[in-house]
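*Asks:* For reference, the structure I am asking about is given below.
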Amino acid sequence: MRLIGAEIDRAMGDPAAADQTLQQLASEGGPVAARAMIAKVEVQIDHGQPVDMPTVTALAALAFEHRGSELEPALQRAHLLALAAAGDFASAFSQLALAPDTEPDLWRIMAEHGADSVVLEQAVLGPEIALPALPVATRRNLVARLLALGFPDPALRWLPEVLAPGPAATDQDRLLAAKAQMQRHDAREVLRLVAGLTGPEADRLRAEAQVWLGDPATATALFAALGDGPGELAAARQAQGWALIADHGQDPWLAAARLVLPAPADRAATVPVAPQPIPGPLARGRQTVAESAAARATLTALLAEVPIVVTPPVVTN
């Protein structure tokens, strides 16, 4: 009855109460202990909790003890899940033959909680390795993890519908693929993938693609429509949009804009200025030297702020 009560607590959203009851049942031994251990691991995994190594060891012992019984498959499955939840994915995957139906759950746990090193070890597949049959949500989580680590090509392997001809890919998968292609600097493929898609993510990818394609003026307008001030200013700098920089930029770019732009045309009309004597040649020379020094200082500041970057070629396949 207590095992049923724990299941009710679990179903009612009280994992702490369920875990406490199951822990007591597991420690008491007897015929119900094995079922309690299985349920305990399921509760912990359902709520993203790690499993400690004593639990992993106990499940391995129970699976050995119940070899050939009706409980063995469930215990083997619980053991592999516990290994994964404890962070030992290598052992879990190496014993997958003991409970093959556990594979989708192992991938899910790894995609959600696995260390970066584990994701790289397991999810970067060679061309000779077939993709496992996984739920869409798990595949998308793996793609997101790989993109966050800067591995666009392995990420694209997990989006076969996008790579296949025809309109099979969903909008969400097209966005993920576009992010991967952006990391590959294939701006034209990015624009193809987001064609017809709406929303801020698609618009941002369009803007970033236009920067890569050498059209910062269009990118500036797209960033402005998104309300992305920093992105708009960054694109404006490439487009030499000095008026925008003069209004919203900061030094040293603001100082550069003041060097490039003429003085406001209406200054004389709005600000009365007393007549000034015409400077002589020496004064004009000093003014030129001062302006030249200011320009050099501004350019030096710009060079210090903007590193020299070798831009990879845009993929045009």
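Rule-based calculations on the coordinates, nothing more; no lab input. Predicted model, so just to flag it, every value in this text is computed and none were measured. Here the Cβ positions follow ideal geometry from the backbone for every residue, glycine too, while neighbour counts run over all protein chains shown.
*Asks:* Quick check: pseudo-label points 7 Å beyond the Cα along Cα→Cβ at residue 188 and residue 52, how many nm apart are they?
*Replies:* Each label point is offset 7 Å from its Cα along the Cβ direction, giving 6.0 nm.
*Asks:* Using the crude model of +1 on Lys and Arg Cβ and -1 on Asp and Glu Cβ, and no other charge, please compute the dipole size for the range 45-101 relative to its Cα centre, in debye to 20.
*Replies:* 100
*Asks:* Now for a different question. Mind giving me the nanometre distance, one decimal, between the label points for residue 67 and residue 217, set 7 Å out from Cα along Cα→Cβ?
*Replies:* Taking the simple label geometry, residue 67 and residue 217 are separated by 7.7 nm.
*Asks:* Let me ask another. So if we plug the beta-carbon distance of residue 32 and residue 101 into 1/(1 + (r/R0)^6) with R0 = 30 Å, what FRET efficiency do we get, rounded to 0.05?
*Replies:* So, using R0 = 30 Å, E works out to roughly 0.80.
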